[in-house]
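Okay, so here's the structure we're looking at.
No lab work stands behind these numbers, since they all come straight from the coordinates. Everything quoted here is computed from the prediction, not taken from an experiment. Positions of Cβ are generated from backbone atoms using ideal geometry, with glycine treated the same way; all protein chains shown enter the neighbour counts.
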Amino acid sequence: MSFKELGVSADLIKGLNELNIKEPTGIQAEVIPFLLQNKSDLVAQAQTGTGKTAAFGLPLLENIRPQDKYIQAVVIAPTRELAQQINKQLFKFTKYTEKVFTECVFGGEKIEKQIQALRKPTHIVVATPGRLADLIRRKDIDIRQAKTVVIDEADEMLSMGFKKDLEFILATMKQEKQIWLFSATIPQQIKNLIKTFLQPDANHIQVRGNQLVNEKIEHQFVLCEKSDKINVLLYFLQTQKKERGIIFCNTKASARGLYDQLSARKLEVGIIEGDMNQKEREKMLRSFTTKKLQMLIATDVAARGIDVANLAYVVHYEIPKQIDYYIHRSGRTARAGNRGISMALVTKYDMELIKKIENEVGVKLKKVPYA
């Protein structure tokens with residue numbers, strides 16, 4: 001189906017065309033018409049990189065009344081990077097529509113500057129939960145008239161410890177609101193949130209049945225000794241030539257150690273890990289986004305919200321202990337209809353984890369030889 005057939009207005013379609021977004025993705029085809037035609041709550045389960053921002057963003061923009069100069073919708077995202085990305089996309093979608101004003105608020109920046117920006121007419125606020133909760137407590141933002149709240153990447157939000165902030169935000173809003181919740185996985189914490197705050201008849205949409213990861217990702221693994229992982233990685237990087245990707249480690253120490261080894265070999269590599277301050281993170285991300293760096297080493301927490309186009313691969317240098325992390329890591333590649341590789345470097349002690357990933361995620365990891 002086309003965006004026109006889904007019910008998207010001509011002015012928004014014009015903006016999409018300029019962004020080279022011509023055909024709806026699976027989640028957009030299912031979510032957009034439902035949100036345009038219904039006023040009930042929604043739980044949408046789909047992996048990272050499937051076009052979720054347009055899936056909720058286009059119906060959100062269709063429902064905004066530009067003449068009403070108050071906050072009509074709130075979008076909550078787990079990280080400042082994701083919040084900024086959503087805000088930028090909403091702005092681009094509205095290039096040819098009547099002016100819709102959005103503001104993005106997040107931690108790590110001076111709150112006074114954001115308060116000043118919120119004094120201007122604002123229709124949509126995109127926010128991280130901690131900063132939004134702070135602004136509400138200070139009475140520097142009023143979201144009580146907002147009719148819609150979008151919770152994006154809900155599983156990541158709760159795993160990062162934002163449960164209390166999220167519950168506080170939802171509790172301060174009026175009862176007669178729509179909640180659109182998007183999540184790659186639906187663990188028990190999310191089920192509890194749904195039961196507490198969403199309508200009992202909330203619609204559930206799960207893209208591709210039980211498939212939780214993008215079908216355009218090729219899942220592979222190499223069985224090797226721990227001491228040989230660096231050589232296996234170097235060989236894999238050679239096969240990728242000039243392609244770009246992210247290499248994941250489980251700890252800050254192993255990420256730093258790997259970064260030192262690859263830097264010593266004069267590779268174009270950067271690193272994002274939890275001990276870095278915000279300026280260092282932003283500088284590194286900017287270098288990676290602008291292609292000054294070919295690869296990025298990252299820990300799971302530090303990598304949340306990173307969305308870089310055209311990444312050919314993800315490497316699990318260490319297998320994550322949590323299945324959710326495997327899903328979110330893999331979702332960094334094969335975005336916007338492209339193909340990608342999710343490569344795991346595993347020892348014999350990791351094979352139980354591999355079987356668990358295959359069973360719970362619904363994928364088959366193909367064993368590939370080294371050299």
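Eigen-decomposition of the gyration tensor built on the alpha-carbon atoms of the stretch 217-367 gives equivalent ellipsoid semi-axes of 22, 17, 15 angstrom, largest listed first. If you plug the beta carbon distance of Ser2 and Ala253 into 1/(1 + (r/R0)^6) with R0 = 56 Å, you get a FRET efficiency near 0.65. Taking one quarter of the surface of the convex hull spanned by the alpha-carbon atoms of the chain gives a direction-averaged projected area of 18.1 nm². Pairs of alpha-carbon atoms within less than 8 angstrom and 6+ residues apart define the contacts here; what relative contact order does the chain have, in percent? It comes to 19 percent, rounded to a whole number. Modelled this way, with points 7 Å down the Cα-to-C-beta line, the labels at Phe168 and Asp228 are 5.2 nm from one another. How big is D, in µm² s⁻¹, for the stretch 3-206 by Stokes-Einstein at 37 °C and 0.692 mPa s if Rh is the Kirkwood radius over C-alpha pairs? Taking Rh from Cα pairs, D becomes 193 µm²/s. Taking each residue as 0.36 nm, the span from Thr196 to Arg119 lengthens on full extension beyond its C-alpha to C-alpha distance by 24.5 nm. Length gained on full extension, Lys241 to Lys95, computed as 0.36 nm times the residue gap minus the Cα-Cα distance: 48.8 nm.
Rounded to the nearest 10 degrees, the angle from helix 26-37 to the longest Cα principal axis of the chain is 10 degrees.
Judged by the mean number of other Cβ atoms found within 10 Å, the most tightly packed of the peptides 144-156, 217-229, 244-256 leads the ranking 144-156, 244-256, 217-229. State which entries of Lys52/Lys252; Lys22/Lys69; Lys69/Lys99; Lys39/Lys164; Lys99/Lys120; Lys283/Lys321 exceed 22 angstrom in Cα-Cα distance in the structure shown. Pairs exceeding 22 Å: Lys52/Lys252; Lys22/Lys69; Lys39/Lys164; Lys283/Lys321.
Between the C-alpha center of the stretch 60-137 and that of the stretch 246-315 there is a gap of 28 Å. Each residue, Ala10 and Arg286, gets one label point 7 Å from its Cα in the Cβ direction; the gap between the two is 4.1 nm.
With an a/c value of 1.5 or above and a/b larger than b/c for the gyration tensor axes a ≥ b ≥ c computed over the alpha-carbon atoms, the stretch 114-240 is described as prolate. Mean residue ellipticity at 222 nm, helices only, the chain: -11500 deg cm²/dmol; runs of at least 4 DSSP H residues each add -39,500 (n - 2.57), and the sum is divided by the number of residues. Fully extending the segment from Asn277 to Glu18, taken as 0.36 nm per residue of separation minus the present Cα-Cα distance, adds 89.7 nm.
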